[in-house]
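Input: a single structure, listed below in structure tokens.
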Amino acid sequence: MIQIHTDGSCLGNPGAGGWAAIIVDEYGKREELFGGEVQTTNNRMELTAAIRALEKISAGTGVELFTDSSYLKNAFTNGWLAKWKRNGWKTANKSPVLNQDLWRELDALVSSRAVRFHWVKGHAGDFFNERCDMLARTTAEKFQRGEFKIPSPPRVTPPPIKVSTPPTTLHRVQPVQLSLFDF
């Protein structure tokens, strides 16, 4: 079974943001993905991380998705998403659901894969969560400093770079999308 670990980061909310996902296959091989935006929110980055990772996974594949975002997990495990769709993308108090564009994209991806969501406590020592946090935060910092230029549309994923082995430390990562293998 494939594991996906995700996180989002935002410097200010809204502000410069980054997202990261680590995909681990059944053989332990991993692929790290990350990117960000100049002006966004933390929730948008959390959702984007899950979307970008699930896009790499073939339809019908079993996935265990680990996130520290209750917003992301609960939308699927507590039935929020189903209620929003039934209510015409309105919340219980009749206001429009935020981030509808991303929720619709994520819903389509999840519905064609066997995804089980798991919540992990952030900043609590989970290796993959800490790694995703560092990648997302580093990318957000680069966007904040203007080191990434934004073409239209504003969502940007840095170009992939092939790497022969995964990084061995958490503090020496360049904020670009890494691709160790393709599923």
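The values are calculated or read from the model by the stated rules, or taken from the named source; none is laboratory data. All values reported here derive from a predicted model rather than from experimental measurement. All Cβ positions, glycine included, derive from the backbone under ideal geometry; neighbour counts span all protein chains shown.
Miscellaneous remarks
- The single residue among G17, G36, G60 that is under 18 Å from G122 (Cα atoms) and touching a Lys or Arg at 6+ places or on another chain (Cβ under 9 Å) turns out to be G17.
- In summary, N99 fulfils each of the numbered conditions (1) surrounded by 15 or more Cβ atoms within 10 Å (Cβ to Cβ); (2) under 23 Å from E130 (Cα atoms); (3) touching a Leu at 6+ places or on another chain (Cβ under 8 Å) with the single exception of condition (2).
- Just one of the numbered conditions (1) surrounded by fewer than 23 Cβ atoms within 10 Å (Cβ to Cβ); (2) under 17 Å from the mean Cα position of the chain (by Cα); (3) farther than 20 Å from N129 by Cα is not true of W89: (2).
- Residue within segment 75-94 that is modelled with pLDDT under 95 and of a type in the set (A, V, I, L, M, F, W, C) present: yes
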